[in-house]
Structure formats: structure tokens, C-alpha cells
Amino acid sequence: MSRGRHKGLDLNGWLVIHKPEGISSAHAVAIVKRITQAAKVGHGGTLDPFSEGLLPMALGRATKRLALILEGDKGYHCWIRFGSETDTGDPTGRVTAQTDRLPERAALEAALQHFLGPQEQRPPAYSAIHVGGVRAYELARRGETVELPMRSVVLHELQLESYEAGLAKVRVRCGKGTYMRSLARDLGHHLGSLAHLQRLLRTETLGFSLEEGVTLERLAQQVEQGRLEALLLPVDRLLDDIPASRLRSKSE
């Protein structure tokens, strides 16, 4: 371990971080960088501040492979609240509409099957997608009307795990670019109700699972005890999970 060309230690590999609720992914990266003193740190797929769960961190040379993670499938536990919509599509926003109509369990299970497979999905207005060089969420915060174009996504698995008093817990496996806030919104409309994403836990992403995750507190403890190497996974850790065709296309 040595000092790199950039300010910080020349550390290379992956940290499987369990991001807590209440901080942004960028803030989590800053904390990991401060704890490890690594010269270069990046994350593999943004989680909103209200969300928690798996946030792979790439250190040093591993940052060159972050694009591979972003292209991969992901898994979530989604808690969807029926009966109201918010302007952000999540619990941080302002309630914009309410209804007393809540779907029956059987109807909800049938609706989940309807959303399986390739879909056209409209991203939420409060997203990081660029519109004319400006982030969509910046326009939405100014009070401007934002309607983003539909995009093609794929939902591989939608499993209802529990449903009580209008709150559904759904296990999701999906392809890149799928918004769970949009899924919640669209489920509500499909069922003649309204809905928003109340809670989100990411459980897997290409090459990594939440079972391997370490909290920021544990990371700090391990570093203090000189045991960072025990948590740092090899740079090539995720290559076995990537089809050879994708690897070739990235190198061409």
C-alpha cells in the first residue's frame, strides 16, 4: 500500500457497502474515501438518500469497471404504499393526490404479473436525467413541468412478499435503468388507485449481494484495527458474472 499520484493511498479493489438511509450515494463515497484514505473511490449505481442497501464501491483500478456494474441486473425489496401519490414518487415528497380505493391482494398479484418482462416506463420527474443540459430534478424543483420520454426496461421478477393495510412489500429483479418509483406509480394507476414508493432496499447488483455488505461503522472499525484488506475484494471479482460478449464489446 502506497501513496498514489493523487492525494491518498493507492488502494485497488471493491468494498461492498451497506448504505444507510438518510445519506446520498455521493456522501457515502466521501465517507468511504475519508475512512480508507483511498486516492480514488467511485460507486456502482446511485441510491437515493431515502433508500438503503447494496452500494458497491470501487477503489483505484476497480473504478474502470464501474460501467459493467451499471449495465447489470439489480435486485430490490420495495415497499409500495397505496392510497396516495407524491411529487417525487417517494416519502420525501409532497402528497399531490389521495384515494380511498386500495387494491385487493389478488388484483395486486395479477398486476405484478402484467408488469413482468420488457416494458416501456416513464422515468419520474425527480430524476438525474438531463433535459437540455439540466438535471430533471432541478427543473422539477423550480416548479417546471417535466415529462420525460418513455424508456425500455425489463422486469425479470416481481414477487409479492406481504400486503397489509395498503402497504405491499415486493421483491424485484430488473434490468438497467428501471425506476422503482415509476413502478410504484404505474402499479397504482393500473389498479385504479394511487401509489408511491415508501421504502427501498437494494439487495443485489452484478457480482455482489447485500449479504456481503458492511456498514460504514464496521468499515471504520476494521480500518482502525488495520484490517481493511480483509474487506477489500479483488479488482476482477465481478468478471465471472459478465457474459464474454459484453466484455468483448467493452474492449472494442
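The values are calculated or read from the model by the stated rules, or taken from the named source; none is laboratory data. Model, not experiment: these values are computed from the prediction. All Cβ positions, even for glycine, are placed from backbone atoms using ideal geometry, and neighbour counts span all protein chains on display.
Quick notes on this structure:
- All of (1) in contact with a Gly (Cβ under 7 Å, 6 or more places away or on another chain); (2) assigned to a strand (DSSP E or B); (3) not charged (D, E, K, R) hold for Ala184 with one exception: (2).
Each row is one residue, and each column tells you yes or no for (1) small (Gly, Ala, Ser); (2) under 15 Å from Val29 (Cβ atoms); (3) over 17 Å from the mean Cα position of the chain (by Cα); (4) not assigned by TED's automatic domain parsing to the domain that holds Pro234.
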residue: Leu47; (1), (2), (3), (4): no, yes, no, no
residue: Ala58; (1), (2), (3), (4): yes, yes, no, no
residue: Thr63; (1), (2), (3), (4): no, yes, yes, no
residue: Ala67; (1), (2), (3), (4): yes, no, no, no
residue: Arg81; (1), (2), (3), (4): no, no, yes, yes
residue: Ser84; (1), (2), (3), (4): yes, no, yes, yes
residue: Asp87; (1), (2), (3), (4): no, no, yes, yes
residue: Arg94; (1), (2), (3), (4): no, no, yes, yes
residue: Arg101; (1), (2), (3), (4): no, no, yes, yes
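- If you go through region 72-109 and keep only what is among the charged types (D, E, K, R) and either in contact (Cβ under 8 Å) with a residue 12 or more places away in the chain or not in a loop (DSSP other than H, G, I, E, B) (or both), you end up with Asp73, Lys74, Arg81, Glu85, Asp87, Asp90, Asp100, Arg101, Arg105, Glu109.
- Hey, Ser193 modelled with pLDDT of 95 or more and assigned to a loop (DSSP other than H, G, I, E, B) or not: yes
- Restricted to region 23-41, and to residues there that are buried (at least 18 other Cβ atoms within 10 Å of the Cβ) and of a type in the set (Gly, Ala, Ser), the residue that is nearest to Leu200 (Cα to Cα) is Ser25.
- Sole residue being modelled with pLDDT under 95 and not in a strand (DSSP E or B), chosen from Ile35, Ile23, Ile69, Ile31: Ile69
Yes/no per residue for (1) buried (at least 18 other Cβ atoms within 10 Å of the Cβ); (2) not assigned by TED's automatic domain parsing to the domain that holds Pro91:
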| position | (1), (2) |
| --- | --- |
| Leu183 | yes, no |
| Leu187 | yes, no |
| His190 | no, no |
| Leu197 | yes, no |
| Leu201 | yes, no |
| Gly213 | yes, yes |
| Arg227 | no, yes |
| Ala230 | no, yes |
| Asp236 | no, yes |
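- Pairs meeting the criteria (first residue in region 166-195 and within 14 Å of Ser127 (Cα to Cα) and touching a residue at least 24 places away in the same chain (Cβ under 8 Å), second residue outside any loop (DSSP other than H, G, I, E, B) and β-branched (Val, Ile, Thr), beta carbons under 7 Å, at least 6 apart or on different chains) are Gly177/Val153; Thr178/Val153; Met180/Val172.
- Taken over region 115-136, the criterion of being of a type in the set (A, V, I, L, M) and free of Cβ contacts under 8 Å to residues at least 60 places away in the same chain is satisfied by Leu116, Ala125, Ile129, Val131, Val134, Ala136.
- All positions within region 214-252 that are within 19 Å of Met57 (Cβ to Cβ), modelled with pLDDT under 90 and part of a helix (DSSP H, G or I): Arg237, Leu238, Leu239, Asp241
- Within region 158-200, the set of residues being of a type in the set (Lys, Arg) and closer than 23 Å to Arg94 by Cβ comprises Arg181, Arg185, Arg199.
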